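A quick write-up on the structure given underneath.
The values are calculated or read from the model by the stated rules, or taken from the named source; none is laboratory data. Just so you know, these numbers come straight off a predicted model, no measurement behind them. Every residue, glycine among them, receives a Cβ derived from its backbone with ideal geometry; neighbour counts consider all protein chains shown.
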Amino acid sequence: MAYNFCMDIEKFFNDFFQDGSFEAHHYFGVHPIINEGKKSFVFRLFAPNAKEVSIVGDFNKWIDNVHQAHMIHTYGIFEATIPEASIGDRYKYSFVNAHGVRVQKADPYARFSEQPPKTASIIPSFESFEWQDQQYLSSRSRGFDRPISIYEVHLGSWKKPKVNPYYSYEQMEKELIPYVIEKGFTHIELMPMTQYPFDGSWGYQATGFTSLDSRYGSINSFKHFINECHRHGIGVILDYVLVHFANDNFGLIEFDGTKLYEYFDPQKTYSQWGSPQFDLGKFVARSLLFSGIHLFLDEFHIDGIRIDAVSNMVYWDGNFQKGENHGGISFLRQLNQFIHHHFPSVMMIAEDSTAFPGVTRSLEEGGLGFDYKWDMGWMNDTLKYYGLDDVYKYYVHHKLSFSMHYFYSERFLLPLSHDEVVHGKGTILNKMFADYETKFALLRNLYVYQFTHPGKKLNFMGNELGSFDEWDEKKSLPWFFLDYPKHRAISHLFHDLHTLYQTHPSLYEGDYDHATFSWVMVDNSFDSVYVFQRKVYNSTLVMVFNMKGNHYNEYIITGLEEGNYEEILNSTHQKYEGPHQTNDDTLVVLDKKLKIRLGSYAAIVLKKTNL
């Protein structure tokens, strides 16, 4: 392999010191070089207010000033070449900061790090990896007219081994990938995989933004995991945090004794989570984050990036009343422009809870340029509605249909994420109203609603188990629930919903075309019954939802196209542990009227058969 990376240094400095560089990871950090015919390692650091910079590590017994770095650029770039350094050595930068205090800091551009609670950076192997995913990458797309169902995973707690604290990537290959395939998900979304010190932050407060989390194995082990996902047709989305970073002293906080990466303004320095916020107007912060995402897309073949807390990047503290954060907005536009140009098949997904206009509009149209936006309004309205006593549904009937009033303003993704099953919120099952039986009936109804509503899908791990236990990163998912029929039935329903979703084009083609969706019954607040149709060319499906416990042997629905219909899914079916209030015969619409058996809390999918 070539150890000297070739880059246009003049262009790099130009980009770095102006709007930020997407190539900074190729320059800063540690890199192998050939020096006088021998392999050495060059270390580069940007710390403009540092003095007496040296690199300490296993190669010099962690003694200061053995390997001093010299300034090679007027603006504070330090460099040292160390022939004694070896792959696997731990290291840090030691320097006197702006306050005259000697500190040791982890490398901001480290590629790998010690497993917490240890904090040193590690010289990686830089060994090549033989990818076998060309077929997947050649057909990869952003999926606007494809079925996309995302399984959000926290690798540390999907399953827990009996001895070690975490499953390895190799174990995940053997267990997680077959599970995802069997259930029918199209993508795995990994909660943040950049290095972070505290397990309880779930990765949302990181210290290394170019460093792969070392909890689960090596760099090449992670690449192998992604390669195997791709070989089995599964995409991998990475959750990435751009708003804030961990306040551990060995990390980025007041890196050179000044607020190098964070805001100078003390009113903006810290986020609502108590952690320092990146000043996204600064070239040094931009370069680190741009380069981190570029690295994961380029070297790890990641298929999508989900950006956390976009609301806090477009508005100060996520509050539109405090005004727009123009640095954050321009950062996001620059990021999306680069990725869509250089990685045109990669999905960019925004977690945004605001009404900021044009999150998924193109840059040419004045938007932010994302491909998808989490529909937080749909999630909140839906879960509140399903948690209501039947008596009160009459008064808020349009809470469940409101999403379609604004749906076509953005390309929305429907999330039932980790945020909904922690911090005392209860699980998705616990949010359902009433007793044990009714909770399961409503949960089945909810999942049919999610999978048949326009928009891509996301579910957090454990949603498919019908778990009563809130997610806890210290514990494995409660897999024993599958020993119980009602929970096993929810898992089976997920499989069937994925089959339905992926085999009927009307559920994914034209997702964002209003001509493919129409309400058939939307104002029946007395019965709390909703009916809608999804149609593309030769695929027509009709969805019927009874949101109350009333049972009808003959319920009349008007406004449907005449013809024959077949019931292809019913949430009350006995295989889902329901009361089996199904329609087994062909249903006929005459004079635009359909008589249907409508069970209590039933969600029914009908397919028109004589197109």
_Top-ranked residue in segment 472-495 [being in contact with a Phe, Trp or Tyr (Cβ under 9 Å, 6 or more places away or on another chain) and of a type in the set (Phe, Trp, Tyr); ranked as farthest from Leu569 (Cα to Cα)]_ = Phe481
*Scan segment 260-274 residue by residue and report those that are surrounded by 22 or more Cβ atoms within 10 Å (Cβ to Cβ) and not charged (D, E, K, R).*
Leu260, Tyr261
*Residue, nearest to the chain's Cα centre (by Cα), within segment 110-139, restricted to residues that are buried (at least 20 other Cβ atoms within 10 Å of the Cβ) and assigned to a loop (DSSP other than H, G, I, E, B)*: Arg111
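Name the residue that is nearest to Ile556 (Cα to Cα), counting only residues in segment 524-533 that are polar (S, T, N, Q) and surrounded by fewer than 18 Cβ atoms within 10 Å (Cβ to Cβ). Full working, then the answer.
Just the residues of segment 524-533 that are polar (S, T, N, Q), to begin with: 524-525, 528, 533.
Retained after the next criterion (residues that are surrounded by fewer than 18 Cβ atoms within 10 Å (Cβ to Cβ)): 524-525.
Numbers: Asn524: 12, Ser525: 15 Å.
By that ranking, first place goes to Asn524.
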*How many residues are surrounded by fewer than 21 Cβ atoms within 10 Å (Cβ to Cβ) and either more than 17 Å from Pro505 (Cβ to Cβ) or out of contact with any strand residue (DSSP E or B) (no Cβ under 8 Å at 6 or more places or on another chain) (or both) if we restrict to segment 534-559?*
15
*Residue that is surrounded by the fewest Cβ atoms within 10 Å (Cβ to Cβ) [pool: residues in segment 468-487 that are free of Cβ contacts under 8 Å to residues at least 40 places away in the same chain and either aliphatic (A, V, I, L, M) or part of a helix (DSSP H, G or I) (or both)]*: Asp483
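Looking at this structure, is Gln574 more than 28 Å from Asp145 (Cβ to Cβ), surrounded by fewer than 14 Cβ atoms within 10 Å (Cβ to Cβ) and at pLDDT 95 or above?
On the way: more than 28 Å from Asp145 (Cβ to Cβ): yes; surrounded by fewer than 14 Cβ atoms within 10 Å (Cβ to Cβ): yes; at pLDDT 95 or above: yes.
Taking the combined requirement at face value, the residue satisfies it.
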_Pairs needed: first member in segment 562-574, under 13 Å from Leu606 (Cβ atoms); second member anywhere, aromatic (Phe, Trp, Tyr) and surrounded by 14 or more Cβ atoms within 10 Å (Cβ to Cβ); C-beta distance under 7 Å; at least 6 residues apart or different chains._
none
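Before we move on, is Thr499 within 18 Å of Val605 (Cα to Cα), of a type in the set (S, T, N, Q) and at pLDDT 95 or above?
On the way: within 18 Å of Val605 (Cα to Cα): yes; of a type in the set (S, T, N, Q): yes; at pLDDT 95 or above: yes.
For Thr499, the condition - within 18 Å of Val605 (Cα to Cα), of a type in the set (S, T, N, Q) and at pLDDT 95 or above - is met.
Taking the stated definitions as given, is Ser539 closer than 28 Å to Ser157 by Cβ and of a type in the set (S, T, N, Q)? So that I can check it myself, show each step before the final result.
On the way: closer than 28 Å to Ser157 by Cβ: no; of a type in the set (S, T, N, Q): yes.
Answer is no for this residue.
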_Given (1) modelled with pLDDT of 95 or more; (2) over 23 Å from Tyr109 (Cα atoms); (3) out of contact with any Pro (no Cβ under 9 Å at 6 or more places or on another chain); (4) surrounded by 17 or more Cβ atoms within 10 Å (Cβ to Cβ), number of the condition Gly318 does not satisfy_ = (1)
*Can you name the condition, by its number, that Asn459 falls short on among (1) polar (S, T, N, Q); (2) in a strand (DSSP E or B); (3) more than 30 Å from Asn336 (Cα to Cα)?*
(3)
